[in-house]
Amino acid sequence: MHTQEIRRQFLKYFKDQGHAVIASSPVVPHDDPTLLFINAGMNQFKDLFLGKGVRDYTRATSSQKCIRVGGKHNDLENVGHTSRHLTFFEMLGNFSFGDYFKAEAIKFAWEISTNIYGLDPQRIWPTVYLDDDEAFELWTKYVPAERITRFGEKENFWAMGDTGPCGPCSELLYDRGPKYGSATKPTEDSFGERYLEFWNLVFMQYNRSPAGTFEPLPKPSIDTGAGLERVVSLKMGVESLFETDLLRALIAEVEKVSGKVYDASHSDAAAFRVIADHLRCLSFAIADGVQPSNVDRGYVLRKVLRRAVRYGRQLGMEDPFLAKIFPRLLSEMGSDYRELQTARSRIEEIMTVEEEAFIRTLKRGGNILNQIVEKSQKSSKMISGDDAFKLKDTYGLPIDEILLLAKDADLSVDEMRYQELELLAKERSRSVHKTTHQLASESLFANFAEEGKESAFVGYTEVSTTGKVIAIVVNNDLKDELRSGEEGMIVLDRTPFYAEMGGQIGDSGFLRGANRLFSVANTLSPYKGVIAHVGKLENGNIAIGDSLEAAIDLERRQKIANNHTATHLLHWALHHILGEHIKQAGSIVDPQRLRFDFSHHKAVSQEELNQIEDLVNAKIRENILVDTYEISYDDAQKQTDIKQFFGEKYGSKVRVIDIDKVSRELCGGTHTSRSGNIGFFKIAKESSIAAGIRRIEAVTGTEAERLARESDQQLDQLAASLKTQAPKLFERVGKLLEENKNLQQELKEAKKGKLGALVSGLVEQAEIVHGKALIAAQVDLDGDGLRSCADDLGAKLKSGIFVLASAAAPDRCQLIVRVSDDLAAQGISALELIKPIAAIVGGSGGGKANGAQAGGKLPGKIPEAIAKAKELLRAAVRKDEG
């Protein structure tokens, strides 16, 4: 029984116990700015544990993809050097949301451990919280009391945060035997080597207040987590997680690619383990839409990839290698995680591109490092923190690589200063997390579901209906009445108004009654099952229990529906043209336009955009049927051609939007009945919004016609201004560009001639002192011209010194001082000469002995500076002669 079978048997067991099998959410948290990556199975159920959501199930099970690297849970530096640390792992879990509690959770854990996995019941040691007598007694049904260990808060109490849901834990430890230590019970095994934890049951039964007091939760819940790799290691009886079937298979592929043999006791064993683990982390993160970059999650992912590359070099792999190992991961996990299959080309391309870039960085950074090493060896014998950070931040050379190379050169590194700079950089790049402002607090509607006061949405088939007022909100308070002129929210027991959700904007329209009119500006869903009409009461009063006619703005709804269906066709076209790796990363659908964000690692070319437009418009012209129907979520998961968005919270029944079997997606939004209603589709803009995330903005129908007409008008106006016709614009612009190129060349030649004459004139006017040419002059040149003049003048002077000055602007000027090599060798320094001159024009300078430059703020004082320069030049030459 190996990894794949253990994962499937876990899910099947709990499905048989009435649990909904929920697909793993992506490793990128869905709308949770508190997390860098998903790091536990409970993350996707957080809203349920906090009492902020309602689902169609009260018990669930999952095998969750997790990444622990960065933040509170950072195992990166340990990975490869221990038997148990991983950056990527799977967390098996079963969850109860106010359904069952301790007795059932303990029973399930015991049955699956012993009956399903066949672990020796004599070697299972449960632990409980110090004063959790209830859990202790429940465990005595399965194991002797002497095998149940009580631990304190650190080991056996869990909390979601400083306040909120919390409760005692019960861990399952497995005695691996005397081979792993002489401890005879868990309290003696401080490192947990012999008594290995493989499952944690959290009994969520309290709410901790800001004052630190514990109040019983009205609906105690269960959150469990069993590390899949740990369970497999116990089942296989191996010492290390890296000896389990899946990770060992990846190590075998590293052996094949590197030509080296893996020996767990050898010094290079860590390199094999690092690569096997990091490949999984990288592949799943990229598949779920993350791309290596310099900020946030992308920064962490780049760090992981570069660590893998460095360890690969220890095995002699100097060229990109991760994409060569990936197919083995695909064969091992692709059948259970199809996102690896659909994103294969993207994963392989991104890893290879990143590896190539880092290899170039290592070579370039290595050269810079050599210069820094030479400088440090001559001075303090320490690489400064600023230099170390420059190597890391500018050239991407990791600090541990710098430390190793410094050690080889018998140097130390100022790590304290480096860490200060690292902290400052992270603070600068920390993202501003999204906050959501709601017109009404969720807590206002928390009891609605229990009281049966939900809103029935009838807007798929009806555009107007009669509904009864069941709630009124004014200034975030529930009221019994809304008076004329007041703004607020009205909730009806049934409504055709679609609430803003899934990227689709909410409906607008009117609620009407006898002498009462409420204009609806937007529709929101502040709580699951609640549809709130936001707007203003134009006249009359409205009270709880009143019946109102609810009528949507039909023309606006039709435009939204057209754009939503066009969004689905765009998604289908992107898959067809760019590849199956495309994942939706957000969307906006309103009456004027549609916006679609998706994961893709490079800009979409104009040719690809044209092909996407052509595909969508072809389907529009076919006027195909847009069908909608409901199926069970389990059936939807089995149909691989139905797109569903990981991270969305689906119920037991899901709605499918089926556009002639071409595009099939799970979607709760409103859509047009036939594709021909869309009319015309045109892409307005394609852009990047984040590393690895692209955005397409498009318009349809009359908006698309307007955009096309505006483009035509712009072309006609441009053609008229160039005195030609639109079809001949390309030819006309080509001629103008050629003319411009010729004129630029003529101007360049003219400037060159003018500069040559200027340089010759300066040489002729040079003052000769003791056989040395001295020049100090103001010239009418810009910054580039000044530098070119200095270069040409330096080439003409065999032995001498010159100072050139120019006024760059009314409040800026520039100075250049050059000393010929023979005079610089005799001790005359351009740097020393420029300092007093620069001071006159309100500036300061820098440079070397044979050349220095400066900027100033007082161009009006250039004549004074030139006079001072002549005086200094004469003195310098006479001093040298003396």
Gap separating the Cα centres of segment 93-150 and segment 504-560, nearest whole Å: 52
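Counting other C-beta atoms within 10 Å, and keeping those with at most 16, which DSSP coil trypsin sites (Lys or Arg not before Pro) do you find in segment 783-812?
Working: sites: ARG787, LYS796, LYS798, ARG812; in loops: LYS798.
Passing sites in segment 783-812 are LYS798.
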So how far apart, in nm, are the two label points at ARG123 and GLN725 if each is 7 Å from Cα heading toward Cβ? 8.8
With unit charges on the beta carbon (Lys/Arg positive, Asp/Glu negative), name the residue among THR361, GLY783, GLN44 whose Cα is farthest towards the positive pole of the charge dipole of the chain. GLY783
Bounding extents of segment 92-163 in its principal axis frame from Cα atoms, largest first in Å, are 39, 28, 19
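What does the net charge come to around ILE834 if you take all other residues with beta carbon closer than 13 Å to its beta carbon, with K and R at +1 and D and E at -1?
On the way: positive: ARG818, LYS835, LYS848, LYS868; negative: GLU832.
Value of the local net charge: +3.
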With r as the distance between the Cβ atoms of ALA264 and GLN744 and R0 = 60 Å, compute the FRET efficiency 1/(1 + (r/R0)^6) and round to 0.05. 0.35
Would you mind checking which residues have amide H under 5 Å from HIS581's amide H? H placed 1.01 Å from N; only 5 or more apart, or other chain. none
SER464's amide H: which non-local residues (gap 5+, or another chain) put their own amide H closer than 5 Å, with H modeled 1.01 Å from N in plane and none for Pro or chain starts? none
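Using R₀ = 22 Å, calculate the FRET efficiency as 1/(1 + (r/R₀)^6) where r is the Cβ-Cβ separation of GLU462 and ARG674; round to 0.05. Don't skip to the end; give the middle numbers.
Details: r = 19 Å, r/R0 = 0.87.
With a Förster radius of 22 Å, E is 0.70.
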Pulled fully out, how much extra length does the chain show between ALA103 and LYS653, if you take 0.36 nm times their separation in residues and subtract their Cα-Cα distance? 195.0 nm
Dipole of the chain, positive direction: furthest Cα of GLY843, LEU774, ILE124, with charges on the beta-carbon: LEU774
For the chain, find the longest principal axis of its Cα atoms and tell me its angle to the long axis of helix 729-764, 0 to 90°, nearest 10. 40
Work out how much length ASP641 to SER209 would gain on full extension: take 0.36 nm times their residue separation and subtract the Cα-Cα distance, in nm to one decimal. 150.8 nm
Label selected from [x] 50.2; [y] 43.5; [z] 38.5, the criterion being mean projected area of the Cα convex hull in nm² as computed here: [x]
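Can you give the direction-averaged projected area of the convex hull of the alpha-carbon atoms in segment 695-827, in nm²?
Numbers: hull surface 62.1 nm².
That works out to 15.5 nm².
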Taking one equal scatterer on every alpha-carbon of segment 641-726, how large is log10 of I(q)/I(0) by Debye at q = 0.24 1/Å? -1.17
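Taking R0 as 56 Å, what's the FRET efficiency between ALA252 and THR163 from their Cβ-Cβ distance, rounded to 0.05? Before the final figure, lay out the partial values.
On the way: r = 48 Å, r/R0 = 0.86.
Step by step, r from the Cβ atoms, then E = 0.70.
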Phi-derived 3J(HN,Hα) across segment 162-171 with the Karplus relation (6.51, -1.76, 1.60, θ = phi - 60°), rounded Hz, x for Gly and Pro, is 5, 10, x, x, 7, x, x, 10, 9, 9
Provide the descending list of Cα extents for segment 172-234 along its principal axes, expressed in whole angstroms. 46, 25, 15
About the Cα centre, charge dipole magnitude for segment 613-685 (Lys/Arg +1, Asp/Glu -1 at Cβ), debye: 220
In nanometres, the difference between 0.36 nm per residue of separation and the alpha-carbon distance of ALA808 and LYS453 is 120.4 nm
Say each of ARG709 and GLU415 gets a label point 7 Å from the Cα, pointing the same way as Cα to Cβ; how far apart are those two points in nm? 6.9
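So which of LYS748/LYS861; LYS638/LYS661; LYS179/LYS235; LYS185/LYS235; LYS303/LYS392 end up more than 19 Å apart by C-alpha?
Details: LYS748/LYS861 31 Å; LYS638/LYS661 16 Å; LYS179/LYS235 16 Å; LYS185/LYS235 21 Å; LYS303/LYS392 11 Å.
Pairs exceeding 19 Å: LYS748/LYS861; LYS185/LYS235.
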With unit charges on the beta carbon (Lys/Arg positive, Asp/Glu negative), name the residue among PRO526, LEU797, ILE505 whose Cα is farthest towards the positive pole of the charge dipole of the chain. LEU797
Can you give the charge dipole size of the chain about its Cα centre, rounded to the nearest 20 debye, using +1 on the beta carbon of Lys and Arg and -1 on the beta carbon of Asp and Glu? 2160
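Magnitude of the Cβ-charge dipole of segment 44-181, K/R +1 and D/E -1, about the Cα centre, nearest 20 debye? Kindly include the intermediate steps, with their values, before the conclusion.
Numbers: 17 positive and 20 negative charges, 89 e Å.
Its charge dipole is roughly 420 debye.
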In nm, to one decimal, how far is the LYS219 label point from the ASN476 one, both placed 7 Å along Cα→Cβ? 2.5
In whole Hz, what ³J(HN,Hα) sequence does segment 311-318 give by Karplus (6.51, -1.76, 1.60; θ = phi - 60°), x for Gly and Pro? 5, x, 5, 5, 9, x, 8, 8
Which far-off residues, 5 or more places away or on another chain, put their amide H under 5 Å from the one on VAL803, with H placed in the peptide plane? ILE775, ALA776, ALA777
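For segment 136-200, what does the convex hull of the Cα positions come to per residue, in cubic angstrom? Before the final figure, lay out the partial values.
On the way: hull volume 6.6 nm³, N = 65.
Considering the Cα atoms of segment 136-200, their hull volume per residue is 101 Å³.
We did not get these values from a lab; they are worked out from the coordinates using the rules stated. These numbers were taken from a predicted model, which means no experiment stands behind them. Reconstructed Cβ throughout: ideal geometry from the backbone, glycine too, with neighbour counts over all protein chains shown.
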